[in-house]
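Report on one structure; see the data block that follows.
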Ligand code: FES
């Protein structure tokens with residue numbers, strides 16, 4: 001069912017964990033299943049110098065999170081925020097069609113981390129990133145409503161790990 005690349009990233013995820021004092025943080029959820037991803041970035045001169053993630057999700061979500069950290073490290077914020085579902089899925093040697101939505105979680109988390117960084121620094125936010133942020137915000141509201149109990153458990157687990 002899964003490619004060799006997916007299984008490798010799932011078994012030994014790259015860049016798993018938290019960054020102390022990150023420059024940007026993205027937290028997103030998946031409206032289809034309620035899975036959650038956190039992504040942390042460090043930025044220097046407009047380039048992502050470090051990136052880590054924590055994902056409470058399925059095999060495909062973990063593998064997508066792991067690969068996006070490889071794809072984004074060393075890229076400019078603009079290029080990193082443009083990494084989409086297709087690049088993630090291709091880099092993983094494909095995903096079963098029913099699992100493609102899981103790759104969106106990683107792409108959204110990275111966009112949100114970049115958004116968070118730009119916002120904190122008072123920098124201009126590109127229109128497409130602003131639109132994506134609004135769409136993700138609406139999805140967060142749906143998740144809060146649909147997976148209320150799970151959201152509380154996930155928040156507690158995340159606090160306990162801090
Ligand atoms: S089933 Fe939830 S992210 Fe994959």
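The values are calculated or read from the model by the stated rules, or taken from the named source; none is laboratory data. It should be emphasised that the depicted structure is a prediction, and the values quoted were computed from it without experimental measurement. Every residue, glycine among them, receives a Cβ derived from its backbone with ideal geometry; neighbour counts consider all protein chains shown.
Values as computed for the structure displayed
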item: Matching residues in the stretch 117-129 - criterion: being assigned to a helix (DSSP H, G or I) and either touching a helix residue (DSSP H, G or I) at 6+ places or on another chain (Cβ under 8 Å) or over 28 Å from residue 45 (Cα atoms) (or both); result: 117, 118, 129
item: Candidates 88, 125, 98, 48 - the one that is more than 16 Å from the ligand (Cβ to nearest atom) and under 30 Å from residue 4 (Cβ atoms); result: 48
item: Filter pass, residue 68 being within 16 Å of the ligand (Cβ to nearest atom), at pLDDT 95 or above and in contact with a helix residue (DSSP H, G or I) (Cβ under 9 Å, 6 or more places away or on another chain); result: yes
item: The listed residue being touching a strand residue (DSSP E or B) at 6+ places or on another chain (Cβ under 8 Å), modelled with pLDDT of 95 or more and surrounded by 14 or more Cβ atoms within 10 Å (Cβ to Cβ), out of 91, 111; result: 111
item: Residues located in the stretch 24-49, provided they are surrounded by fewer than 20 Cβ atoms within 10 Å (Cβ to Cβ) and touching a helix residue (DSSP H, G or I) at 6+ places or on another chain (Cβ under 7 Å); result: 25, 31, 32, 34, 46
item: Test: residue in the stretch 96-111 that is part of a loop (DSSP other than H, G, I, E, B) and touching a residue at least 60 places away in the same chain (Cβ under 8 Å); result: yes
item: Index of the failed condition, residue 77 passing every other in (1) within 16 Å of the ligand (Cβ to nearest atom); (2) closer than 13 Å to residue 24 by Cα; result: (1)
item: Condition check for residue 149: closer than 21 Å to residue 52 by Cα and in a helix (DSSP H, G or I); result: no
item: Every pair of residues 6+ apart whose Cβ atoms lie under 8 Å, when the first sits in the stretch 22-38 and is in contact (Cβ under 8 Å) with a residue 12 or more places away in the chain while the second is assigned to a loop (DSSP other than H, G, I, E, B) and surrounded by fewer than 18 Cβ atoms within 10 Å (Cβ to Cβ); result: 33/58; 35/58; 38/18
